[in-house]
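**Q** Sharing a structure here in structure tokens format.
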Amino acid sequence: MVNYDVSGGIATLTLSNPQERNSMTAEMVADIVRVMDDAEADPNVRVVIVTGAPPAFCAGANLGNLAEATRESLLGIYEGFLRIARSPLLTIAAVNGAAVGAGMNLALGCDLRIAGESAKFDSRFLQLGLHPGGGNTWMQLRIAGMQTTMATVAFGEVLDGEAALRAGLVWKCVADDKLLVTAREVAAKAADAPKELLVEIKKTIRAIGAVPSHAEAVEFELGPQVWSTRQPWFRERLAALQAKISKR
């Protein structure tokens, strides 16, 4: 259900059940959880790229499962994207084709989204007569603002890659055949950085929005910045930069 590959500090997690358009079955969710556990335990992995086997990114929950939904069954579906959203690792969604419902939540739960031109961001809640779930509105509101959230959820607008870029839902939109190459290029700088530093930076970015003032933000960042100056990688990189400057 999930293909997993690690190269150059970048793990690529590919949802692979194309017959069901990579939907969030119980087996798919279990595989995502297992693979993310592996990625986080691997000292070589800095960044996780999440994508889908063509023709879709992820078609969301199985409609039959939704028809019999309970609190527990919905939480089981949610775990497929919540496990990735909770990860301390940096995550990139490389969105190829349709990202529907829980599949859209999977993309929104990643730290960065890169879309192929054929991407389709489709919340699908309105069309199904279903209230949004899984934190869809919370994530969209913080990523792209009120108007985009209203358009996709309350008005049922479906955004292709270019429209998602204009709306601020994605960082880049590229030709489909350049999608994974571009995602790896974006991931590469982070993949070259110390894993512990990336974890601390992500932790700070997640928390800093709740800090009420610039002065308090300065104090909030001061502790981890001082910590980073005490790390061997900082001293090594600083020495290398100083040596490079002295040769000019």
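The numbers here are math on the coordinates, done by the rules we state, and not lab data. If you're wondering where the values come from, they're calculated on a predicted model, not measured in any experiment. When we count neighbours, we look across all protein chains shown, and the Cβ atoms used for this are built from the backbone with ideal geometry, even at glycine.
**Q** Under a plain spin-label model, where a point goes 7 Å from the Cα along Cα-to-Cβ, how far apart in nm are Leu75 and Ala210?
**A** 2.1 nm
**Q** Follow-up question, since we're still on this one. Starting from the amide H of Val45, placed 1.01 Å from N in the peptide plane, find each other amide H under 5 Å away whose residue is 5 or more places distant or on another chain.
**A** Residues meeting the amide H criterion: none.
**Q** What residues have an amide H closer than 5 Å to that of Ser118, excluding those fewer than 5 places away on the same chain, when H is modeled at 1.01 Å from N in the peptide plane?
**A** Here Gly97, Asp176 satisfy the definition.
**Q** Okay, next question. Add +1 for every Lys or Arg and -1 for every Asp or Glu among the other residues with Cβ under 11 Å from the Cβ of Val47, and state the total.
**A** On the way: positive: Arg46, Arg184, Lys189, Lys195, Lys202; negative: Asp111, Asp192.
Around Val47, the charge tally is +3.
**Q** Lysine pairs in the chain with alpha-carbon atoms under 28 Å apart, 8 or more places apart or on different chains: how many are there?
**A** Taking the chain as the scope, the lysine pair count is 17.
**Q** Ordered by residue, what ³J(HN,Hα) values in Hz, to whole numbers, does the stretch 124-140 give under the Karplus form 6.51 cos²θ - 1.76 cosθ + 1.60, where θ = phi - 60° and Gly and Pro are x?
**A** 6, 4, 4, 4, 8, x, 10, 5, x, x, x, x, 4, 5, 4, 5, 4
**Q** Run the paramagnetic zone check for Val33: 7 angstrom along Cα to Cβ, then residues of the stretch 76-113 with backbone nitrogen under 15 Å.
**A** Label zone hits: 76-87.
**Q** With the crude spin-label approximation of a point 7 Å out along Cα→Cβ, what separation in nm comes out for Lys178 versus Arg86?
**A** 3.7 nm
**Q** Please rank Met1, Met104, Met146, fewest neighbouring Cβ atoms within 10 Å first, as an exposure proxy.
**A** Values: Met1 19, Met104 32, Met146 10.
Fewest-to-most Cβ neighbours within 10 Å comes out as Met146, Met1, Met104.
**Q** Give me the angle, in degrees from 0 to 90, between the Cα long axis of helix 71-85 and the longest principal axis of the Cα atoms of the chain, rounded to the nearest 10.
**A** The angle comes out at about 30 degrees.
**Q** Computed FRET efficiency, Cβ-Cβ of Leu63 and Phe220, R0 51 Å: what is it to the nearest 0.05? Before the final figure, lay out the partial values.
**A** Details: r = 44 Å, r/R0 = 0.87.
The value I calculate is 0.70.
**Q** With angles folded into 0 to 90 degrees, how steeply does helix 232-246 sit against the dominant principal axis of the chain? Use alpha carbons for both and round to 10.
**A** Result, in degrees: 60.
**Q** Whole-Hz ³J(HN,Hα) for each residue in the stretch 149-156, computed from phi via Karplus 6.51 cos²θ - 1.76 cosθ + 1.60 with θ = phi - 60°, x for glycine and proline: what do you get?
**A** 5, 4, 4, 7, 8, 7, 10, x
**Q** Quick one: which of 193-199, 225-231 comes out on top by average Cβ neighbours within 10 Å, and what's the full order, highest first?
**A** Numbers: 193-199: 16.6, 225-231: 11.4.
So the order, starting with the most tightly packed, is 193-199, 225-231.
**Q** What net charge do the residues around Phe155 carry, taking every other residue with its C-beta under 15 Å from that of Phe155, with Lys and Arg at +1 and Asp and Glu at -1? If you can, show how the numbers build up before the last one.
**A** Working: positive: Arg124; negative: Asp122, Glu157.
In short, -1.
**Q** Would you please classify the overall shape of the stretch 195-246 from the alpha carbon gyration tensor, given that a ≥ b ≥ c denote the square roots of the eigenvalues, rounded means a/c under 1.5, and beyond that prolate means a/b larger than b/c while oblate covers the rest? Could you put the intermediate results ahead of the total?
**A** Numbers: a/c = 3.08, a/b = 2.12, b/c = 1.45.
Taking the square roots of the gyration eigenvalues as a ≥ b ≥ c, the stretch 195-246 is prolate.
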